[in-house]
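The next block holds one structure in the form of structure tokens; read it before the comments.
The values are calculated or read from the model by the stated rules, or taken from the named source; none is laboratory data. No experiment lies behind these values; they were computed from the predicted model shown. Every residue, glycine as well, gets a Cβ built from its backbone with ideal geometry; the counts of neighbours run over all protein chains shown.
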Ligand SMILES: [Ca+2]
């Protein structure tokens with residue numbers, strides 16, 4: 001209980017701090033803004049690079065179409081040099097699949113831009129933050145949440161995102177969110193302020209934020225790129241980014257403060273980490289599996305126990321009758 005109280009207290013404090021800071025925030029940074037019309041002169045998106053199967057229309061940037069085996073990306077050309085920031089994204093995941101669809105999309109604040117790979121269309125063993133919008137449940141044996149599911153991972157360059165376990169083994173935090181096939185754009189928000197990472201969503205078109213999670217002690221170097229990527233495989237969906245805007249927040253200066261050149265050099269070697277939490281968990285049996293296992297075990301025990309009791313009763317009756325027969329036989333002689 002004390003842990004629960006302290007975490008909700010921390011969340012309240014963080015939200016209050018965020019409200020105060022956002023009130024004094026600057027205008028969204030132009031170099032990290034995506035808005036219609038996307039294309040400038042030369043059919044490029046100013047300040048952004050897209051590739052793979054991504055296509056740009058007047059209404060959206062489609063990372064993948066609703067077709068199998070596609071992947072695409074969209075990355076900011078410039079690195080984010082702010083220590084604290086607030087990002088709001090409008091997106092849409094939709095498709096014709098009623099029961100089978102996927103795989104999902106990712107938002108990145110990472111060191112390796114424009115590097116296609118197996119993690120929702122981007123590179124594995126990344127450094128930074130990956131926020132995954134996972135629509136396809138690959139393996140329920142490792143978790144018992146429903147999909148679609150939003151989860152965050154902090155990569156330090158050595159960690160593998162395990163698709164078969166839906167990233168559960170390296171998950172920082174997450175929440176279920178039914179963001180797929182909505183008739184309006186859905187939104188998510190990431191704030192990173194004073195090493196507190198918060199994720200919110202607005203998937204019911206209420207124009208208000210619901211908290212997905214709040215995690216403190218999250219250390220991310222500045223100088224990483226913003227990105228989006230998505231992938232389809234045997235299952236498919238269209239994954240669209242519609243708008244994005246990043247605003248610098250004013251939090252506590254990072255300690256110790258260093259000259260700019262030294263900070264730039266440090267970015268190359270600084271490694272993301274989460275204070276007092278391992279980035280990777282041991283593989284554990286799923287609760288749901290354990291429940292089924294223990295239920296089956298209990299049923300088997302009751303069955304065997306009942307058999308033993310019946311055997312004892314039958315044995316007792318047989319023994320009693322044979323004793324009676326012997327007694328009768330003795331009397332006859
Ligand atoms: Ca998955």
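Take residues that are crowded, with 20+ Cβ neighbours inside 10 Å and tell me which of the strands (runs of 3 or more DSSP E) falling wholly in segment 125-238 contain 2 or more.
Per the criteria, 127-134, 149-156, 186-193, 196-202, 210-215, 225-231.
Give me the residue from segment 154-170 that is in contact (Cβ under 8 Å) with a residue 60 or more places away in the chain and more than 12 Å from the ligand (Cβ to nearest atom) and, out of that set, nearest to residue 218 (Cα to Cα). In this case the residue turns out to be 154.
So if I check each of 14, 25, which one is within 21 Å of residue 189 (Cβ to Cβ), at pLDDT below 95 and outside any loop (DSSP other than H, G, I, E, B)? Result of the check over 14, 25: 14. Of the residues contained in segment 79-94, one or more are found to be within 16 Å of the ligand (Cβ to nearest atom) and either buried (at least 21 other Cβ atoms within 10 Å of the Cβ) or modelled with pLDDT of 95 or more (or both).
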